[in-house]
Amino acid sequence: MNQHFNSQEDISWYALSVKVNCEKNVQKQLISLGIDCFVPLVSTIRIWSDRKKKLKIPLIPAIVFVKCSKTELRLTYDIRNVFGPIKHLGKPAAILEKEMNNLRILSNQEFSFESIETRALTRGAQVQVLEGPFNGIHGVVVGRNQSRRISINVESLGKSFVLELPSGCVIPYEK
């Protein structure tokens, strides 16, 4: 928990909408205010005509996650390049810890792996990834072709990530 503020309010994760390419700068400003924050980053290789470079870029562009009270959340409105929190029904949308864990898992991956033949799971089935780089993520089967497609939903944000996984990596999951 954030030690900078002495608030008795509930602490939750929220998503801030920020100017594109300013995520890391906003993160630095939040840290200087004592607000716990997270920018999920992924590695990518950018290719220019004269060179290649490995970069860490935001998994979700223009979003910075903060863990704070609603009172502390108001402090973020004055930070340069912050547009405000993502809202649901007119109120800042609280993000579940489970969804934040999924984002942490996704941001720690350096690679994806190839699909292999899958066993049958019906569309809409809840599953949990048991092995590989996405171990621990919960998702929903959204389709099946020659590979299993698992949608990792971050419902509070209205965003989804689709992963192709080998059949042996997932099991049905009951909530």
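The values are calculated or read from the model by the stated rules, or taken from the named source; none is laboratory data. What you see is a predicted model, and the numbers here were worked out from it, not measured in a lab. With ideal geometry, Cβ positions are generated from the backbone for all residues, glycine too; neighbour counts draw on all protein chains shown. Ligands, DNA and RNA are stripped out before the accessible areas are found, and what is left, the full protein with its side chains, is counted by its heavy atoms. Shrake-Rupley method; radii C 1.70, N 1.55, O 1.52, S 1.80 Å.
Mean sequence separation of contacting Cα pairs (under 8 Å, at least six apart), scaled by the length of region 15-87, corresponds to a relative contact order of 46 percent.
Stretching the chain fully between Leu41 and Ile11 yields a gain of 8.5 nm (0.36 nm per residue, less the alpha carbon separation).
Spin-label pair Ile31-His88: with each label point 7 Å from Cα along the Cα-Cβ axis, the two points sit 2.9 nm from one another. Dividing the convex hull volume of the alpha-carbon atoms in region 10-105 by its residue count gives 111 Å³ per residue. With every protein chain in place and a 1.4 angstrom probe, the accessible-area ranking of His88, His138, largest first, reads His88, His138.
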